[in-house]
Structure formats: structure tokens, C-alpha cells
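All remarks here apply to the structure that follows.
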Amino acid sequence: MNEILNIWSYLSEGPLLWLTVTLFAYLIGLGCFNLSGNKPVVNPVLISMILLSALLKLTDTSYATYFEGAQFVHFMLGPATVALAVPLWQNWQRVKAAAVPMLAALVVGGTVSMISAVAIGYACGLRGELLLSLVPKAATSPVAIGVSEAIGGLPTLTVALVLITGVIGAVVTTPLLNALRIRDYRGRGFATGVAAHGIGTARAFQVHGTAGAFAGIGMVLNAILTALVAPLFVHLFF
């Protein structure tokens, strides 16, 4: 047993271990998702988060040690976000045709997201930097981190809130939109991207290609809106 513990202590300090563990945890989550028949509640990101959190707790591994190994995945979020300009370009004619309702939905959705998050947090007793960390929680992680730092929030807390928001959005959007009888995949995808950023966009692509493309557009536009509006929002209300 001591030999096993010594080997683990040695391996846990190596960055490659946590990158491998992260990818393996996601593969387990993806396998569970496929076995479930692609049910949204069996979200691969949610499963991998639970597995990784449990492993870090059991092995008493600090987040700093884990992130040192898994930061390559975090780095790839930036290029992945930029790459979502491709569906925007490919669907440019369809976007122009629906520009007015999309912009209206973007402004309303993005603004309500900020106001509702802060209002609920304030009602629950949050103040200061904790409350500020809620403001960019609907934006994709690279943008949310930068906005959180700029407005005085806690970037690490904001990242956790971004992940929670994305997972919840990916789980509830399909049954919710079905219940509301919204059939247009442009509207379904755009709403998902605005509300649930990258994780929701991945789910939208699983449902329909058009939904995924417009989810990517919604995510990118909401990231831009958040970067522009969040500082003004904080200046006016804090």
C-alpha cells in the first residue's frame, strides 16, 4: 500500500496525469451519454465534473495542482471560441434575414441574465466580489474570466458558475423548448447559445446542425454583449 501511495504521489505532481484524467473522465461521461440514448440529463460534462471532483477530493489534490496539468484544455477554449466564427460565416445570409429578432433576443436575454443573477444573489445575501462574480456567468469561459477580472469579481468562482450555467442549460433547454412548442431550430439554437454558451452549443449540435450553428452564433454575440455591457452594468448598479 505504501508503494502505491508513493507512486501516486509521484504521478500526481506530473502535469500529464491530470490532462489524461480529464480526457478519460470526459470519455466516460460521453459513453454514459451514448448508452442513455442521448438523454440531455446524462450530460457528459456534468458526469466528468462529478468524477473529477470526487477524485480530487479522495486524493486530496489541490485545484492548483490539477489545473497545472489540465490547463491545456483551458487554453484550447480560446481557439475553439474563435472557431465558432465559421458557422457565423456559413450562415451569414440566414443571420442577416433574421437580424432584427436575433438582436432583440440577444439584448433581452443577455441583460435579463445579468440582472436576474445579481438580483437572486443579492436576495440570498451575497455582496461585493461574490456578487460581481455572477455578472458574466452566461458568457463563455475565456470572456467570462476577463470580464470578471475587469469588474472586480473572482475569476475562479465565475468559471465554476459558467460551468454550472452551461450544464443546467444543456440539460433543460431541449425539454423546455419542446414543452413550449418551439420548432424553429434557428430560434432553439440561438436561445441555447445565449443562455448556456459552449456546453449548450455542444448540446444543440447533438440535436440538429442548424440549431448548433445558431447556438454558436448566439454564444459569440452574447460574449461580445457581456464584455461591452457588464462594466456599464456594474458602474450603474454597484
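The values are calculated or read from the model by the stated rules, or taken from the named source; none is laboratory data. Since the structure is predicted, the reported quantities are computational estimates derived from the model, not experimental observations. All Cβ positions, glycine included, derive from the backbone under ideal geometry; neighbour counts span all protein chains shown.
The residues in the stretch 56-70 that are part of a helix (DSSP H, G or I) and surrounded by fewer than 14 Cβ atoms within 10 Å (Cβ to Cβ) can be counted, and the count is 4.
For (1) over 19 Å from Thr140 (Cα atoms); (2) in the same structural domain as Gly189 (by TED's automatic domain parsing); (3) among the basic types (Lys, Arg); (4) touching a Ser or Thr at 6+ places or on another chain (Cβ under 9 Å), each residue gets a yes or a no:
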site	(1), (2), (3), (4)
Leu30	yes, no, no, yes
Ile47	yes, no, no, no
Leu52	yes, no, no, yes
Gln90	yes, yes, no, no
Lys96	yes, yes, yes, no
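Of the residues contained in the stretch 187-205, one or more are found to be buried (at least 22 other Cβ atoms within 10 Å of the Cβ), of a type in the set (D, E, K, R) and at pLDDT 90 or above.
When you go through (1) at pLDDT 80 or above; (2) not assigned by TED's automatic domain parsing to the domain that holds Ala223 one by one for Phe72, which number turns out not to apply? So the condition that Phe72 fails would be (1). Beta carbons closer than 8 Å, at least 6 apart along the sequence or on distinct chains, pair a first residue in the stretch 103-126 that is farther than 13 Å from Asn222 by Cβ with a second that is modelled with pLDDT under 90 and in a loop (DSSP other than H, G, I, E, B) for Ala117/Ala138.
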